[in-house]
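First up is the structure itself, then whatever we jot down about it.
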């Protein structure tokens, strides 16, 4: 049974954002349509920004909270959605949006589960804050892609 600390779980989420950034960048290279490439470029930069935000957020969390253990580690709640996505050169903006919404839903479920597993109220607050942040990101993505779709 894995026993992860809060800082390990945050690192897991940060790595997911970093992998998504690379994933979108790789997709951009294979996309045929300019609008799709533009959205993928935006998504890649945005995921890098979110990974950086997690670093800054972690710096604001006390060492006591970061060093707190979970009874069940993140290994049982892996975020593996990236490898399940099929890369197609004829991707449309809608395909990218669907993938991004799926990845956001995976992160939301991950943060929700980690908040539920937290043994400490302070740790629960960390993951509830990240959950709210990710829900806002999903709303912003919807707005951004609606604006892009109207072009």
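The values are calculated or read from the model by the stated rules, or taken from the named source; none is laboratory data. Every value quoted in this text rests on a predicted model; they were computed, and no experiment measured them. Positions of Cβ are backbone-derived with ideal geometry, glycine not excepted, and every protein chain shown enters the neighbour counts.
Data for the structure
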read-out	value
Members of segment 79-99 found to be at pLDDT below 70, in a loop (DSSP other than H, G, I, E, B) and in contact with a helix residue (DSSP H, G or I) (Cβ under 8 Å, 6 or more places away or on another chain), listed by number	79, 85, 87, 88, 89
Positions within segment 96-122 being closer than 14 Å to residue 39 by Cβ and free of Cβ contacts under 8 Å to residues at least 12 places away in the same chain, in sequence order	98
Some residue of segment 106-117 being out of contact with any strand residue (DSSP E or B) (no Cβ under 9 Å at 6 or more places or on another chain), outside any helix (DSSP H, G or I) and either modelled with pLDDT under 90 or crowded, with 18+ Cβ neighbours inside 10 Å (or both)	no
Odd one out for residue 30, checked against (1) surrounded by fewer than 17 Cβ atoms within 10 Å (Cβ to Cβ); (2) within 22 Å of residue 136 (Cβ to Cβ); (3) more than 18 Å from the chain's Cα centre (by Cα)	(2)
Any hit, segment 52-68, residues being in contact with a strand residue (DSSP E or B) (Cβ under 7 Å, 6 or more places away or on another chain), more than 30 Å from residue 92 (Cβ to Cβ) and buried (at least 16 other Cβ atoms within 10 Å of the Cβ)	yes
